[in-house]
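Inspection log for the structure reproduced underneath, given as structure tokens.
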Amino acid sequence: MNNAVQYTLSAPEPASHRFVVRIDIPQPDAAGQCLTLPAWIPGSYLVRDFARHVGKVRASSGEQVVNVSKTDKSSWRCEPVRGPLVVEYDVYAWDLSVRGAHLDATHGFCNGANVFLAVNGQENAPLLVQLNEPGNTQGWRVATTLPRDDVAPWGFGLYRAADYDELLDHPIEMGDFDVVDCEVVGVPHRVVLTGRHHCNSERLAMDVAKICAEQVGLFGELPAMPEYLFLTRVLGEGYGGLEHRSSTALMCSRKQLPGSEPTVSKSYRQFLGLVSHEYFHLWNVKRIKPAAFTPYELAAESYTELLWVFEGITSYYDDLALVRSGTISFADYLTLLGETISRVLSVPSHRWQTLAESSFDAWTKFYKPTPDSPNSIVSYYAKGALVALLLDLTLRERTVGKTSLDDVMRAMWQRYGATGRGVPEDGFENMAESVSGLDLGDFFERYIRTTAELDLERALSTVGVRLRDATGGPQAMIGLALKRGSTRIATIERDSPAEQAGLAPGDLLIALADLRVTQNSLSEILAPLVPGKPISAHVFRDDELLTLEITPKAAAARAFKVTPVEDATAAQTAARKSWLASNVAST
Ligand code: ZN
């Protein structure tokens with residue numbers, strides 16, 4: 001490793017929120033070394049331009065100062081030198097998110113994509129990473145799955161990576177954190193908790209181990225790794241996760257961690273769902289990944305119509321693994337399913353955007369919401385999860401229980417994940433057909449490339465589950481939503497009475513039906529309205545008062561509940577049992 005590029009990450013003054021990075025390049029490009037920072041981070045499909053947090057880049061070679069020029073928004077070029085090159089810069093780290101870098105006197109966190117410039121031309125070579133203990137701190141440790149070189153477990157010191165891609169895929173947490181240990185198929189799994197908390201560690205370890213074992217059982221094996229880390233930042237409020245090859249970065253709220261109560265609370269269930277989701281990504285997207293991401297091109301957007309496969313199917317299995325592993329009850333699972341169905345069907349977007357379009361346009365639509373989003377952007381997570389459910393139940397029904405989505409995912413792992421081959425755009429659909437022996441052309445055409453209604457009611461009946469309209473409240477609708485904490489209109493539904501009346505996002509709603517609108521009074525005003533009978537609306541647009549007339553219409557179903565059929569047939573009961581069966585026993 002004598003000629004290996006070495007990165008050194010320091011933080012002499014954590015209170016400045018700046019990491020200091022030094023890159024030692026023993027054999028720089030003789031024509032002038034170029035360096036680049038990724039514009040986006042895998043798993044989060046938005047160009048974030050991390051280079052905007054990079055301060056002045058300086059370079060030297062021995063005693064000689066080397067000129068550095070910027071060649072585009074994320075790239076630098078050093079003038080040619082004869083000997084080894086040293087590049088130094090600082091990175092402002094004050095983005096408390098799983099995608100960013102964050103540093104203060106209580107902890108430090110970063111993703112490689114935020115802090116480490118790629119040394120162009122040497123991205124495929126092994127490299128070293130020296131992690132220095134930040135200044136003015138005591139008792140801090142390091143949590144990362146970067147392979148250790150010359151360093152004790154949890155220690156500051158020398159780590160390494162096989163290439164730049166690997167360097168980006170092991171986030172680094174440093175601080176005075178707690179560690180909850182468990183084991184899955186003989187491999188240590190650890191939940192690292194940073195931030196104040198009162199977590200019942202024993203309970204958390206037991207549930208995490210059960211859920212992970214369920215996912216391993218589905219795929220048949222855990223990809224080779226010495227350990228797995230859940231790097232968890234505990235906050236007053238917060239929720240999110242980003243998947244990596246042998247770890248995940250999570251954010252959760254304090255109340256989402258388990259206390260002493262024997263049952264799984266609603267908020268703890270959310271956290272377990274997040275754990276389950278990110279862990280499923282170990283296979284689905286970290287290893288089974290689109291050809292468009294093989295390798296990742298991080299300078300600009302990478303397009304694929306398959307995000308619904310990677311996020312939707314993962315979202316289907318995150319909750320399913322909770323019930324299959326016995327962590328939550330079937331009734332709780334059905335509650336979650338009802339919520340997902342309501343989330344998708346209660347907004348008009350599912351009638352306007354297909355899953356293929358939502359996947360392809362994630363960069364400019366899903367990740368860049370506008371007031372028109374409820375009309376135009378369908379979630380490839382939530383609708384993708386429903387199509388995964390529909391596909392699973394369809395496969396089970398049409399093959400009389402011989403084939404399920406589990407079999408397809410296992411085959412995807414064997415063909416693509418385990419071999420490192422990228423999934424072509426038609427790879428998932430072809431695999432589902434070849435594993436099941438079914439012609440699924442119509443299925444995928446309808447549900448992925450058109451906005452046809454999802455036939456959930458019929459599919460769920462095959463496992464003895466009933467889908468019903470549980471919409472309460474006003475029978476008339478006008479089709480607007482207010483911004484939280486104000487009476488300003490956030491969104492207007494397409495083809496709704498509000499749109500037809502001329503209301504617009506941003507209008508300040510003063511009165512409706514001659515009654516003053518407050519944040520809390522809107523639903524009370526709407527409740528007695530009669531479809532077809534016009535009412536008045538008063539709004540300010542900018543500083544001009546507008547008086548409009550709205551004709552409410554009959555409200556469509558927007559809340560759904562799924563419940564078990566009480567007098568299920570033997571076939572329905574058997575199909576449900578097979579659907580919910582744990583995969584753990586079979587491994
Ligand atoms: Zn995900």
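The values are calculated or read from the model by the stated rules, or taken from the named source; none is laboratory data. Source: prediction; values computed, not measured. FYI the Cβ positions are ideal-geometry reconstructions off the backbone, even for glycines, and counts take in every protein chain you see. Heads up: the accessible areas ignore ligands, DNA and RNA and are worked out on the full protein's heavy atoms, side chains in. Shrake-Rupley method; radii C 1.70, N 1.55, O 1.52, S 1.80 Å.
Diffusion of the chain by Stokes-Einstein, at 10 °C in a medium of 1.306 mPa s and with Rh set to the Kirkwood radius over alpha-carbon pairs, works out to 60 µm²/s.
Decide, for region 153-194, between rounded, prolate and oblate: order the square roots of the alpha carbon gyration tensor eigenvalues as a ≥ b ≥ c, take rounded if a/c falls under 1.5, and otherwise choose prolate if a/b is larger than b/c, else oblate. The partial results should precede the final answer.
On the way: a/c = 2.15, a/b = 1.33, b/c = 1.62.
Oblate is the answer for region 153-194, as a/c is 1.5 or above yet b/c matches or exceeds a/b.
On the basis of the beta-carbon distance and an R0 of 45 Å, residue 221 and residue 363 show a calculated FRET efficiency of 0.85. Set the bar at 29 Å for Cα to Cα. Now go through 365/483; 56/289; 73/483 and name every pair that lies beyond it. The answer is 56/289; 73/483.
Answer rounded, prolate or oblate for region 47-104, using the Cα gyration tensor with square roots of eigenvalues a ≥ b ≥ c: rounded when a/c is under 1.5, else prolate when a/b is larger than b/c, else oblate. The shape class here is prolate. The length gained by stretching the chain between residue 481 and residue 200 to full extension, at 0.36 nm per residue less their Cα-Cα distance, is 97.2 nm.
Once you have a ≥ b ≥ c as the square roots of the Cα gyration tensor eigenvalues for region 270-330, tell me rounded if a/c is under 1.5, and otherwise prolate or oblate according to whether a/b is larger than b/c.
The shape class here is prolate.
Take the solvent-accessible surface of the protein heavy atoms, probe 1.4 Å, and return the percent of it on region 162-273 that carbon and sulfur atoms account for.
Values: 2010 of 4060 Å².
Carbon and sulfur: 49 percent of the exposed surface of region 162-273.
Length gain on complete extension for the stretch residue 519 to residue 573, per 0.36 nm per residue less the alpha carbon to alpha carbon distance? Intermediate results must be reported in sequence, preceding the final value.
Values: separation 54, 0.36 × 54 = 19.44 nm, distance 4.61 nm.
The span from residue 519 to residue 573 would gain 14.8 nm if fully extended.
Applied to region 47-62, the Karplus parametrisation 6.51 cos²θ - 1.76 cosθ + 1.60 on θ = phi - 60° returns per-residue 3J(HN,Hα) values of 6, 10, 6, 4, 4, 5, 8, 8, x, 5, 8, 10, 9, 8, 9, x Hz, with x for Gly and Pro. Remark: relative contact order (the chain) = 11 percent; criterion is Cα-Cα distance under 8 angstrom and separation of 6 or more residues. Heavy atoms only, probe 1.4 Å: what % of the accessible area of region 1-122 goes to carbon and sulfur, would you let me know? That share works out to 48 percent. Each of residue 106 and residue 3 was given a label point 7 Å from its Cα along the Cα-to-Cβ line. The distance between the two points is 4.7 nm. A straight line joining the Cα centroids of region 294-347 and region 435-491 runs 15 Å. The separation of region 106-125 from region 219-242, counted between C-alpha centres, amounts to 20 Å. Surface analysis of the chain yields an accessible area of 42 Å² per residue, using protein heavy atoms and a 1.4 Å probe. Bridging of residue 402 to aspartates and glutamates at a Cα separation below 14 Å is possible for 392, 433, once same-chain residues fewer than 8 apart are set aside. Only DSSP H runs of four or more residues enter the estimate; each adds -39500 (n - 2.57), and after division by the residues of the chain the mean residue ellipticity at 222 nm equals -7500 deg cm²/dmol.
For region 364-506, the share of accessible area belonging to carbon and sulfur comes to 47 percent (1.4 Å probe, ligands and nucleic acids excluded). Phi-derived couplings, Karplus 6.51 cos²θ - 1.76 cosθ + 1.60 at θ = phi - 60°, listed residue by residue for region 97-112: 8, 5, 9, x, 10, 9, 8, 8, 6, 9, 5, x, 8, 7, 9, x Hz, with x used for Gly and Pro. Each residue of region 547-552 was assigned a 3J(HN,Hα) from its phi angle through the Karplus curve 6.51 cos²θ - 1.76 cosθ + 1.60 (θ = phi - 60°); the sequence is 10, 10, 10, 10, 10, x Hz, with glycine and proline shown as x. Straight-distance candidates among the lysines for linking to residue 266, with alpha-carbon spacing under 20 Å and chain neighbours fewer than 8 residues away dropped: 210, 255, 561.
Distance between the pseudo-spin-label points of residue 183 and residue 457 (7 Å out from Cα toward the beta carbon): 5.2 nm.
With helices defined as uninterrupted DSSP H runs, which ones in the chain have an alpha carbon span along their own long axis of at least 20 Å and mean Kyte-Doolittle hydropathy of at least -1.0? Provide the component values of the computation, followed by the final result.
Values: long enough: 201-219 (27 Å, 0.50); 266-280 (21 Å, -0.39); 330-345 (22 Å, 0.82); 382-398 (24 Å, 0.67).
Those that pass (Cα extent of 20 Å or more, hydropathy at least -1.0) are 201-219, 266-280, 330-345, 382-398.
In this structure the amide hydrogen of residue 184, modeled in the peptide plane, comes within under 5 Å of the amide hydrogens of 189, none closer than 5 places in sequence on its chain.
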